[in-house]
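Sharing a structure here in structure tokens format.
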Amino acid sequence: MPSLPRLLAGAVLLSAAALSAAPSAAPAHAASGAATGTASRATSGTVPENTSHATAGVVGGAVTGTAPACKAGSGPKLAGRDLTRTRLPADLSCADLRRAKLDGVTVRSVLTGADLRGASLRGAHLQYAGLAGADLREADLSEAEMAYADLRGADLRKAVLDDSSPYYAHFEEADLSGATMVRAKTYSAQFDDAKLVGVDLSDADAYGADLRRADLSDVRAVRTRLYGATLIKTVFRDADLTGAQMYQATMDGAVFRGAALGGADLREARGADLTGSTGVPKDLPAPDPSCEPGSGQKYAGWDLTRVADFPDDLSCADLTGAKLDGVDLSGVRLDRAILRDVSATGATLRYAKDADLRGARLERASFGSAELMRANLSGARLERATFGSADLTQADLSGARLRGAEFTSAELAGADLSKADLSGASFASAELAGTKLGGADLRDARFSSATGERADFTGARMDRADLSSGSFPGAVFRRAVLTDAQMHHTELRGATFEDADVTGAATGRARNADLTGSSSRMPLGWRIFLSVAGLIALWILSIVVGRKLRRRKTTRREAAERASLMEKVRRSQEENVTRLGEEIDRLDAEGGGKADWQRALDCYDEAKEALAAARDLDEIKAVDVIVARGRDALRGRPAK
């Protein structure tokens, strides 16, 4: 449906056409022509009329044109001419105006199919000009007034249109590749199927323009105003759209692969699919309230630490593994977003209902007053994170590492913190109704003034935990370790302590405490004393036993040595006795006359008996004496 400005423009054009056709307009036209003719005669003269070519006109308020029947450049030969003070004919279709100078000229001539390559048209007045199919390559059209001009199918490659005003102009199927249009006013212009590859549109006003199916690959459109534009199936491949204003634009089927969208404004844009783009827009279309997690913007694995301005709503975005360390996201809605395994140390988050933050690194992150209802933070690293006054109703923090975390005045009703590391955490004045803390490490945790009706602490480690002034009616402390826990003025009506260890727990001032089924071991001080005493006794005993063992070992070694020596000496004496017997036999055979045979034989027998009966070295050595007496008897020596 045509816009109101275009309807008004059509009405103006029809009126202008009617006035120019009326007889009363002839004198003014003649006067103007005379003035122009005088000026032209004083300079370059007039250019002959050329009426053999196609023309362009205005029909129903829209610029229309026909393809030239002539060959480009076959018309009037005005190449290189200075036509700034020349009266131009009404029809310059297919004229050769290469490198012609037309700066500041008001052009009313039809220039359909004209060759204007390299021509200078700086500041020229080309309103409603018929330039369909014209060749304007490398032409200078900077500051030219081109409202409603017809440039359909024109070739404007590498043309300069900086600060020009082609608003409401027609560029359908034109080729503007490599042209510069810095600060150009192209609002509401028609660029259907046009080619604008590599065009510089920085700071241009292109709002309301129709760029459907146009190719803007590699275009530079920094801070360009494209709001309300029609961008259906427009190609922005590798384009630089940094800071571009594209809100309320229609983008169905547009391609943004490789396009830089950092700081761009896409509020209320329709049909935007930014797949493959880079950079984070300042504003995005509001996600569908019923969007599925991960179906929004795709920033998985991105480093977003340098993004200065985030969009207000990233609900359902996929930020898996993204880097957000130190980033302030307090004004960004991340409901149902996927933030698994993100690195967000020291980051600030406030809106993340139903978000998936499993395995995220969020050490020292700030969640003050955050909306984290039903958020999944299981297995996340949240050491020293702050959740003051945050709403974590039914959130899943099971297995999370929350050492030293702060939950002051937080809402944790129905939350799951089972098996989480919460040592040293603070739950002062927190709401823990129905919270699951089974198997959690709550050593040195502080629950002062907290309320935890029906909270489940089954199997939790709560050594030195402080529950003073808290209220835990109906809470379950089954198998919990409450060694040296503080329960001064704690309300424990209906609480269960079955198989709980309450050794050293200060429960004397607890209200309505029933510790039935719990157990209390020896106080820690006595256990330490007895342990130390036992260690000392064990040390002394080990010394005594060690000495005994060393002594026994020495004795055994010495006995073994003696046995070895005895065996050696015994064998030596056995050999000695055997030799004595051999000597007696030899001398007997030789007939020794001096030998005292009876005494020698008696000594031999005595030596064998003594050796067999010997039990120590002395007894064995005594055999030597007996053998010596036997030898003396063989030699006839008298007995000693």
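The values are calculated or read from the model by the stated rules, or taken from the named source; none is laboratory data. What you see is a predicted model, and the numbers here were worked out from it, not measured in a lab. Please note: Cβ atoms are built from the backbone with ideal geometry, for glycine as well, and neighbour counts cover all protein chains shown. For the accessible areas, the whole protein counts, side chains as well, though only heavy atoms, and no ligand, DNA or RNA atoms are used. Shrake-Rupley method; radii C 1.70, N 1.55, O 1.52, S 1.80 Å.
Which of the following residues is within 18 Å of Leu97 (Cβ to Cβ), open to solvent by less than 20 Å² (accessible area, probe 1.4 Å) and over 41 Å from the mean Cα position of the chain (by Cα): Ala169, Ala189, Ala147, Ala129? Explain how you work it out, then say what you get.
Working: Ala169 fails: within 18 Å of Leu97 (Cβ to Cβ); Ala189 fails: within 18 Å of Leu97 (Cβ to Cβ); Ala147 fails: within 18 Å of Leu97 (Cβ to Cβ).
Going through Ala169, Ala189, Ala147, Ala129 in turn, just one is within 18 Å of Leu97 (Cβ to Cβ), open to solvent by less than 20 Å² (accessible area, probe 1.4 Å) and over 41 Å from the mean Cα position of the chain (by Cα): Ala129.
Do we find that Arg615 is assigned to a loop (DSSP other than H, G, I, E, B), farther than 24 Å from Arg637 by Cβ and open to solvent by 90 Å² or more (accessible area, probe 1.4 Å) in this structure? Step through it out loud before you land on a result.
On the way: assigned to a loop (DSSP other than H, G, I, E, B): yes; farther than 24 Å from Arg637 by Cβ: yes; open to solvent by 90 Å² or more (accessible area, probe 1.4 Å): yes.
Taking the combined requirement at face value, the residue satisfies it.
Kindly indicate whether any position in region 443-455 is more than 22 Å from Ser389 (Cα to Cα), part of a strand (DSSP E or B) and under 35 Å from the mean Cα position of the chain (by Cα). Steps first, answer last, please.
Step one: of region 443-455, the residues more than 22 Å from Ser389 (Cα to Cα) are 443.
Subset that is part of a strand (DSSP E or B): none.
The answer is no; no qualifying residue exists.
Could you list, ordered by first residue, the pairs with Cβ atoms under 6 Å in which the first is in region 74-95 and outside any loop (DSSP other than H, G, I, E, B) and the second is acidic (Asp, Glu), at least 6 apart or interchain?
Lys77/Asp96
Quick one: in region 466-483, of everything that is in a loop (DSSP other than H, G, I, E, B), without any contact (Cβ under 8 Å) to a residue 40 or more places away in the chain and closer than 12 Å to Thr507 by Cα, which residue is most open to solvent (accessible area, probe 1.4 Å)?
The selected residue is Ser469.
Filtering region 259-285 down to residues that are touching a residue at least 24 places away in the same chain (Cβ under 8 Å) and not in a loop (DSSP other than H, G, I, E, B), which residue is farthest from Thr224 (Cα to Cα)?
Asp283
Could you say whether any residue in region 302-312 is in a loop (DSSP other than H, G, I, E, B), open to solvent by less than 10 Å² (accessible area, probe 1.4 Å), in contact with a strand residue (DSSP E or B) (Cβ under 6 Å, 6 or more places away or on another chain) and under 28 Å from Leu382 (Cα atoms)? Before you say what the answer is, go through the steps one by one.
Quick first cut of region 302-312, residues in a loop (DSSP other than H, G, I, E, B) only: 302, 304-312.
Narrowing further to those that are open to solvent by less than 10 Å² (accessible area, probe 1.4 Å): 304, 311.
Cutting the leftovers down to in contact with a strand residue (DSSP E or B) (Cβ under 6 Å, 6 or more places away or on another chain) gives us 311.
Retained after the next criterion (residues that are under 28 Å from Leu382 (Cα atoms)): 311.
There is at least one residue in region 302-312 that is in a loop (DSSP other than H, G, I, E, B), open to solvent by less than 10 Å² (accessible area, probe 1.4 Å), in contact with a strand residue (DSSP E or B) (Cβ under 6 Å, 6 or more places away or on another chain) and under 28 Å from Leu382 (Cα atoms).
Against the condition more than 20 Å from the chain's Cα centre (by Cα), crowded, with 24+ Cβ neighbours inside 10 Å, of a type outside the set (A, V, I, L, M) and on the phi < 0 side of the Ramachandran plot, how does Phe427 come out, does it pass?
Numbers: more than 20 Å from the chain's Cα centre (by Cα): yes; crowded, with 24+ Cβ neighbours inside 10 Å: yes; of a type outside the set (A, V, I, L, M): yes; on the phi < 0 side of the Ramachandran plot: yes.
Answer is yes for this residue.
Let me ask something else about it. Looking at region 134-151, can you tell me whether even one residue there is free of Cβ contacts under 8 Å to residues at least 24 places away in the same chain and over 24 Å from Gly113 (Cα atoms)?
no
Going by the conditions given, is Glu583 open to solvent by 70 Å² or more (accessible area, probe 1.4 Å), of a type outside the set (Lys, Arg) and assigned to a helix (DSSP H, G or I)?
Working: open to solvent by 70 Å² or more (accessible area, probe 1.4 Å): no; of a type outside the set (Lys, Arg): yes; assigned to a helix (DSSP H, G or I): yes.
Criteria not met by Glu583.
Quick check on region 249-273: of everything there that is out of contact with any strand residue (DSSP E or B) (no Cβ under 8 Å at 6 or more places or on another chain) and surrounded by fewer than 23 Cβ atoms within 10 Å (Cβ to Cβ), which residue is farthest from Pro287 (Cα to Cα)? Let's see the steps before the verdict.
Step one: list which residues in region 249-273 are out of contact with any strand residue (DSSP E or B) (no Cβ under 8 Å at 6 or more places or on another chain), which gives 253, 256-257, 263, 268, 272-273.
Remaining after also requiring surrounded by fewer than 23 Cβ atoms within 10 Å (Cβ to Cβ): 253, 257, 263, 268, 272-273.
Details: Gly253: 18, Arg257: 20, Gly263: 18, Glu268: 10, Ala272: 11, Asp273: 12 Å.
Looking at residues that are out of contact with any strand residue (DSSP E or B) (no Cβ under 8 Å at 6 or more places or on another chain) and surrounded by fewer than 23 Cβ atoms within 10 Å (Cβ to Cβ), I get Arg257.
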